[in-house]
Structure formats: C-alpha cells, structure tokens
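Only one structure is covered here, and it is reproduced in the block below.
The numbers here are math on the coordinates, done by the rules we state, and not lab data. Predicted model only: the values in this text are computed from it and were never measured. Reconstructed Cβ throughout: ideal geometry from the backbone, glycine too, with neighbour counts over all protein chains shown.
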Amino acid sequence: MPGRPNTAPGMRNMPGMSRLPSFHRRTGLALLAGTTSLALLGCASMTPEQCKVADWYQVGLQDGREGERPQDKLGDYAKDCAEVGVRPDGARYQAGWNAGIRDFCTPYSGWREGTQGRSYKSGACRGQMGEWPFEQALRNGLEVHRTEQSLRNHDSEIRRLERRLQDKETPERERREIRDRLRWLDYEQSRLRRLLADQERMAPR
C-alpha cells in the first residue's frame with residue numbers, strides 16, 4: 001500500500017504484533033467510598049427500607065464524590081421513596097453534594113472518567129473551582145480511551161483475517177487482499193501504540 005511500510009507477513013505472528021499493550025497506568029485519586037450502607041444509599045435507586053433511614057446529607061455527599069447530577073439523582077430518589085411516603089430533604093442533599101463535588105472535580109477524576117470512556121461526565125463540574133482542570137484531563141483521558149478502542153478493534157480484525165487466510169477455501173485473489181490489509185493493520189497498530197504512549201504522558205501527576 002503506497003506510503004506504508006510492508007511488514008513481512010511472518011511478523012504478524014511475533015509476540016506483541018497483534019497484542020494490545022498493558023494499560024497499567026491509570027493514575028487517579030482514590031475517592032472515599034464511604035461505609036457499605038452509605039454506598040448502598042448512593043446507588044441509582046433506593047429500596048423502601050433505605051428511603052426510611054436515608055441521611056440525605058450523606059447521600060448527597062456520596063453522589064457529589066461520584067460526579068452525579070443532583071437534579072437527576074434527587075428526581076430518582078423522589079420516585080423511589082414516594083411509595084413509602086418519604087420525601088428527600090433537598091436542602092440537606094444539596095449541602096452534601098456541594099461538599100462531595102469538590103472531591104470529584106480534580107484532574108485525577110477527569111483522567112479516570114475519560115480513560116473509562118465516560119464522556120457523559122463532561123459538564124459535571126460546571127461552575128466548580130476545578131472545572132477547567134477536570135475537563136482538560138477528561139478530554140485527554142477520552143483520547144486514550146479512543147486509541148485503546150481502535151487497538152482492540154484492529155486486533156480483532158487481524159485475528160479474523162488470519163483465520164480467513166488459513167482457510168484453504170479462500171481464493172488466491174482474496175488472499176492477496178487480506179495480506180495487503182494485514183500489512184496495513186500491522187503498521188497502524190504500531191502507529192497507535194506510539195500514539196497511546198504519547199497520550200498517556202498527559203496523565204495528571
């Protein structure tokens with residue numbers, strides 16, 4: 001293929017040629033998870049029993065630390081608890097959320113959410129002091145996530161094409177096309193690994 005190096009077909013079987021890199025660098029600040037009961041209270045939905053004993057400040061604190069949107073969560077809790085006649089204390093919840101969101105709005109959280117592909121967390125820190133560093137780290141993390149996804153997709157295609165190449169029923173013309181495609185994929189995987197290494201240097205320190 002013009003402009004792309006022709007990797008020898010045998011190189012596809014060398015260790016690491018079609019394998020994803022080990023993504024061990026996931027720097028991030030471990031946020032407090034709270035007690036087991038608090039973790040249960042911070043879930044997307046509440047049981048009637050949880051509604052009855054909920055400390056709404058603590059629920060808001062936990063949701064803030066996880067970057068949840070307070071209006072959405074309060075709406076969910078209101079629906080969950082209506083059947084037992086419990087109404088969430090919006091003021092206490094908001095006070096807890098205001099305290100918790102400060103722990104979330106850091107570049108470490110942004111990087112973690114981005115590398116996990118959680119683009120929906122963009123805007124979670126709007127109006128907070130840490131908004132810009134969080135958003136920048138989130139964008140950088142999302143770039144890493146996209147590159148990792150491309151590596152996985154290419155790796156899957158390489159395996160599929162190699163199986164097709166080993167099939168004795170595959171016509172010679174198709175085999176030539178497969179070899180060309182595999183050479184390009186080998187080149188592209190190498191390029192993406194270099195790109196990933198550069199992107200991971202943007203992790204917060």
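Miscellaneous remarks
- Cβ crowding within 10 Å, taken as a proxy for footprinting-reagent exposure, orders Trp97, Trp184 from fewest neighbours to most as Trp184, Trp97.
- Stretching the chain fully between Arg102 and Arg164 yields a gain of 17.0 nm (0.36 nm per residue, less the alpha carbon separation).
- Two-site label geometry, Tyr187 and Gln116: point separation in nm, points 7 Å out along Cα→Cβ: 3.8 nm
- In Hz, Karplus ³J(HN,Hα) per residue of the stretch 161-176 (6.51, -1.76, 1.60; θ = phi - 60°; x = Gly, Pro): 5, 5, 5, 5, 5, 7, 6, 5, 7, 6, x, 4, 4, 5, 4, 5
- Extension gain from Arg194 to Ala82, taking 0.36 nm per residue of separation minus the Cα-Cα distance: 35.0 nm
- Annotation: lysines with alpha-carbon distance below 24 angstrom to Lys79 (same-chain offsets under eight excluded): Lys52, Lys121.
- Ignoring aspartates and glutamates fewer than eight residues from Lys73 along the same chain, the ones with Cα atoms less than 14 angstrom from its Cα are Asp63, Asp89.
- For Met129, Met202, Met46, order by how many other beta-carbon atoms lie within 10 Å, fewest first: Met129, Met202, Met46
- Order by protection proxy (mean Cβ within 10 Å, highest first), peptides 102-115, 157-170: 102-115, 157-170
- Phi to ³J(HN,Hα) by Karplus 6.51 cos²θ - 1.76 cosθ + 1.60 over the stretch 92-99, Hz, x for Gly, Pro: 5, 4, 5, 4, x, 4, 4, 6
- Hydrodynamic radius by Kirkwood, which averages 1/r over all alpha carbon pairs of the stretch 95-205, in angstrom: 16.3 Å
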